[in-house]
1. Can you pull out the residues in the stretch 191-211 that are surrounded by fewer than 18 Cβ atoms within 10 Å (Cβ to Cβ) and over 21 Å from the mean Cα position of the chain (by Cα)?
2. Only one residue in Val274, Val246, Val254, Val301 is within 23 Å of Ser203 (Cα to Cα), open to solvent by less than 10 Å² (accessible area, probe 1.4 Å) and in contact with a Lys or Arg (Cβ under 7 Å, 6 or more places away or on another chain). Which one?
3. Can you pull out every residue in the stretch 439-466 that is part of a helix (DSSP H, G or I), of a type outside the set (Ser, Thr, Tyr) and open to solvent by 20 Å² or more (accessible area, probe 1.4 Å)?
4. For the stretch 120-138, name all the residues that are in a loop (DSSP other than H, G, I, E, B), open to solvent by 80 Å² or more (accessible area, probe 1.4 Å) and at pLDDT 80 or above.
5. Go through the stretch 490-509 and report how many residues are within 22 Å of Ala99 (Cβ to Cβ) and either of a type in the set (Ser, Thr, Tyr) or surrounded by fewer than 17 Cβ atoms within 10 Å (Cβ to Cβ) (or both).
6. Which is under 27 Å from Leu426 (Cβ atoms) and of a type in the set (Lys, Arg), of Lys399, Lys405?
7. Suppose we keep only residues that are assigned to a helix (DSSP H, G or I) and in contact with a helix residue (DSSP H, G or I) (Cβ under 6 Å, 6 or more places away or on another chain) within the stretch 472-489. Which one would you say is surrounded by the fewest Cβ atoms within 10 Å (Cβ to Cβ)?
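The values are calculated or read from the model by the stated rules, or taken from the named source; none is laboratory data. The structure presented is a predicted model; accordingly, all values stated were derived computationally and were not measured. Glycine also receives a Cβ, built like all others from the backbone with ideal geometry; neighbour counts cover every protein chain displayed. Ligands, DNA and RNA are excluded from the accessible area calculation, which covers all protein heavy atoms including side chains. Shrake-Rupley method; radii C 1.70, N 1.55, O 1.52, S 1.80 Å.
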Amino acid sequence: MIDWAALTPILIILGSAVLAVIFEAFIPRQARRGVQVVLSMIAIAAAVVSVVWRWTVVSADGPTSIAMAPDGSTDVGTFVEDGAALAFQLIILVCALVALLVIADRTQTGEGAFVASAATQPGSSDEREATTANLQQTEVFPLMLFSLGGMLTFASAGDLLTLFIALEVLSLPLYVLTATARRRRALSQEAAMKYFVLGAFSSGFFLMGSALLYGYSGALTFRGIGTKIATGTGMDMLLIAGVTMVLVGLLFKVGAAPFHAWTPDTYQGAPTPVTGYMAAGTKIAAFAAMLRFLYVIGSGVQWEITPVLWTVIIVTMAIGTVMGLIQTDIKRMLAYSSIAHAGFILIGVASFSQQGISATAFYLLAYGIASVGAFGIVTLVRETDTEGNILGEATTLEKWQGLGKTNPLLATSMAIFLLSFAGIPLTSGFIGKFAAFSAGVANGGTVLVVLAVLASAATAFFYFRLISYMFFRDPVEGSQTVASEGFSIVAIIACAILTVALGVFPQPILDFLGEAAVFML
């Protein structure tokens, strides 16, 4: 007997993705975009409701493990429904909902962020014809839903095989979406290729680590491997190598150094709404999987892998901070910012405590909301030519000068997000850093926290540099903000309100995450 009700959020998203593909085939071209936007919004909203419902069930009846194998075995196809899985799924869905608004938006010129026809060669006559005909690549909506389904599965997978399948379902649509930018298409396709090649490389590490862990324990489930670790098999080197290699695959997805090389190029080349979606959703899902893997399996070799984690954390914070200081492109600056944040979040992960789980979850919520909002603003700041025609996004920092005078709403919202990234009090970013650093100090990571505070102070420079450009310099020629259908503005305002609200009234969310921060063993 399979408890299908426990899989409701995942089934809603993946079922809607399949339905969206069918709509692509049978609905007239003119009506597709509207139908896809409505379907995607309804699907994500329904998934949020189902997660809340399942939370009430788990609170009353306790966590469960769902086995999908035809013979009823629990070796493969295992999902875990516990408080931690549902909390991370809810965070992913909230970020995905606001990211969908940015993805669905179109500017006053009637164009979205995506190419008219992704199958055409950049600069070709076919591309010009597709653009002139105002074609729309509405396949981005089912692709987003498929990747979202992978993220939800990633957060609740209970065995290595299911985790790998979820990893691919999450990643493959993102590889395609990265290559669909409307402007600078060659750069977009190059970014997608780098992301794909390095992603395949990291998948190889993940699979090899899974094979080693299977050789060590004879099991694929986290519970089975954890049982073997408790009893001991005399093959500890196999265990340590397997845990480390699986960890490498997960560190790639969160953009931690030295596995971060894809991040700046992919963030810069991808359509900006997709960049915001990736920055939030992928990082949240990967950290959720990493927490479950390390706390159920890795805790058995905690002393052996702690030096590895400490090294990764220090290198990640250093690279994200130093490289972020020299960036002149706002998307690359935010990419290196995300790398530095990965290091900060890893401090909570490396604490190996219940406090670390809740702190990581809150930090990811704060970071995800602010990232979607920040990249949503980037989509609305555009370059113009000498005749005033609107061109692509103004990503060089100098083009943002005087934004506080030309568009106070966008500039103020961007300042809120940047202050949150910097960890300034009364923003959600401050509470997230305080919680993660507190977990680190409480569990022997004082040295890491001191280094993280110094790195945070250094990263504040490039956040405040952009704020000074927006509010303390005069506007420059060659850039302006554009109006849109309104979806992006709704998302930006919602993200700004949530960022401040979580910074001023964090306790209810912290209490909720504290209750949820227990993995089913």
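1. Result: Gly204, Leu207, Met208, Ala211.
2. Numbers: Val274 fails: in contact with a Lys or Arg (Cβ under 7 Å, 6 or more places away or on another chain); Val246 fails: in contact with a Lys or Arg (Cβ under 7 Å, 6 or more places away or on another chain); Val301 fails: in contact with a Lys or Arg (Cβ under 7 Å, 6 or more places away or on another chain).
From the options Val274, Val246, Val254, Val301, the qualifying one is Val254.
3. Within the stretch 439-466, Val441, Ala442, Val447, Val450, Leu451, Val453, Leu454, Ala457, Ala458, Phe461, Phe464, Arg465 meet the criteria.
4. Gln121
5. 6
6. None of the others qualify; the one that does is Lys405.
7. Among residues in the stretch 472-489 that are assigned to a helix (DSSP H, G or I) and in contact with a helix residue (DSSP H, G or I) (Cβ under 6 Å, 6 or more places away or on another chain), the one surrounded by the fewest Cβ atoms within 10 Å (Cβ to Cβ) is Phe487.
Here is a yes/no grid of residues against (1) over 27 Å from Leu100 (Cβ atoms); (2) touching a His at 6+ places or on another chain (Cβ under 8 Å); (3) at pLDDT below 95:
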position: Leu380; (1), (2), (3): no, no, yes
position: Asp385; (1), (2), (3): yes, no, yes
position: Leu397; (1), (2), (3): yes, no, yes
position: Trp400; (1), (2), (3): no, no, yes
position: Thr406; (1), (2), (3): yes, no, yes
position: Ile416; (1), (2), (3): no, no, no
position: Leu419; (1), (2), (3): no, no, no
position: Leu426; (1), (2), (3): yes, no, yes
